[in-house]
Amino acid sequence: MKIINLLGFGIVGTIVLVIGGLVIKEMIDKSEVKVKNDLDEWVDRLLAESLSRKLDYSASAIFQTLTRGEDAELTRKITQIIESVELVFQRGSSLSTIEVYLNASFHDGTSFSASTQRTWDDLPFAIRKEFLKRNDTSITVPWNLPLVNTQS
């Protein structure tokens, strides 16, 4: 009888662990999506403001095109004007605060830069992983415009 009770507790315990693991994984995945979306929106808004000065479109129209890629003509103009966009994640002596730099270069020879601070938890998982893997103080990644990926 004791073995049956122990076996029952073992099965129940295993089920609870599996369900708990799945719930935790789902929470982590949702958090990662939110972190990435927040960073995407920050970049898209700043690029839209910068591009609105170069193109005859409002920042809101450019932002919508950057996020949704619905306006084919504006998408073409944006991809023609942008040479490159990169994000630089710079940490100081601690991992608690990370400086994030947005650097955009345009084909007309001009550039645009902006920065913000993020906490370690507000960085995408891939960036945190690179910091830990390389033990470096700076991570630079190219920014691929979402609209380019959907238009190809």
Potential extension, LYS36-GLN80 segment - 0.36 nm per residue separation minus Cα distance: 13.3 nm
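So, R0 is 41 Å and r is the distance between the beta-carbons of THR137 and ARG68; what FRET efficiency does that work out to, to 0.05? Don't skip to the answer; put the middle values down first.
Details: r = 36 Å, r/R0 = 0.87.
Efficiency at R0 = 41 Å is approximately 0.70.
Round to the nearest 0.05 the FRET efficiency obtained for ASN144 and SER111 when R0 = 25 Å and r is the Cβ-Cβ distance. Let's see the in-between values first.
On the way: r = 18 Å, r/R0 = 0.72.
After rounding, the FRET efficiency stands at 0.90.
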The range 53-152: trypsin sites (Lys or Arg not before Pro) falling in loop per DSSP and having at most 12 other Cβ within 10 Å: none
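A short reminder: the numbers here are calculations on the coordinates, not readings from a lab. Being a predicted model, the structure only gives us computed values, none of them experimental. Every residue, glycine as well, gets a Cβ built from its backbone with ideal geometry; the counts of neighbours run over all protein chains shown.
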